[in-house]
Amino acid sequence: MTERKIALARQMRRKLTPPEFLLWERLKDRSSGLVFKRQQAIGPYILDFYCRKARLAVEVDGGHHGYDAHRMRDEIRDIRFRNEGIETYRVSAAEVLQNPDAVADGVWLLALERSQQDTPPPFSKG
């Protein structure tokens with residue numbers, strides 16, 4: 001991973017979108033033993049949120065993700081991560097804005113379920 005990618009991820013952490021901020025406020029609690037990182041750089045990608053223990057990437061998709069070109073890039077990326085044992089959970093930004101607690105609850109449940117599976121997490125270093 002390049003220094004440029006790491007610097008970009010750091011910059012993005014300081015400038016979360018409103019839906020990302022709402023979800024982060026709910027995912028940053030570490031009392032469950034699950035740790036979510038925001039704007040996590042992995043390979044050539046920067047994930048909105050990533051839980052290493054659960055091998056779960058969470059992407060908050062704005063309207064531009066509905067366009068064919070962007071949807072195709074997302075699909076290629078999701079396949080790559082799936083091949084590495086990482087599940088990508090996509091939620092719409094509108095859904096997060098409407099009900100951030102429900103979205104966060106869904107993310108937590110999926111992360112807890114995945115963390116109990118007996119597969120070692122890939123990408124130990126981001």
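Laid out as a table, the results:
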{"item": "Residue match in the stretch 79-88 (condition: surrounded by 14 or more Cβ atoms within 10 Å (Cβ to Cβ), touching a helix residue (DSSP H, G or I) at 6+ places or on another chain (Cβ under 8 Å), modelled with pLDDT of 90 or more and not in a strand (DSSP E or B))", "result": "no"}
{"item": "Within the stretch 36-61, tally of residues that are in a loop (DSSP other than H, G, I, E, B) and under 16 Å from TYR89 (Cβ atoms)", "result": "4"}
{"item": "Set ARG55, ARG13, ARG30: member being closer than 25 Å to ASP105 by Cβ and modelled with pLDDT of 85 or more", "result": "ARG55"}
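The values are calculated or read from the model by the stated rules, or taken from the named source; none is laboratory data. Note that the structure is predicted; figures quoted are calculated from it, not measured. Ideal geometry is used to build each Cβ from the backbone, glycine not excepted, and the neighbour counts take in all protein chains shown.
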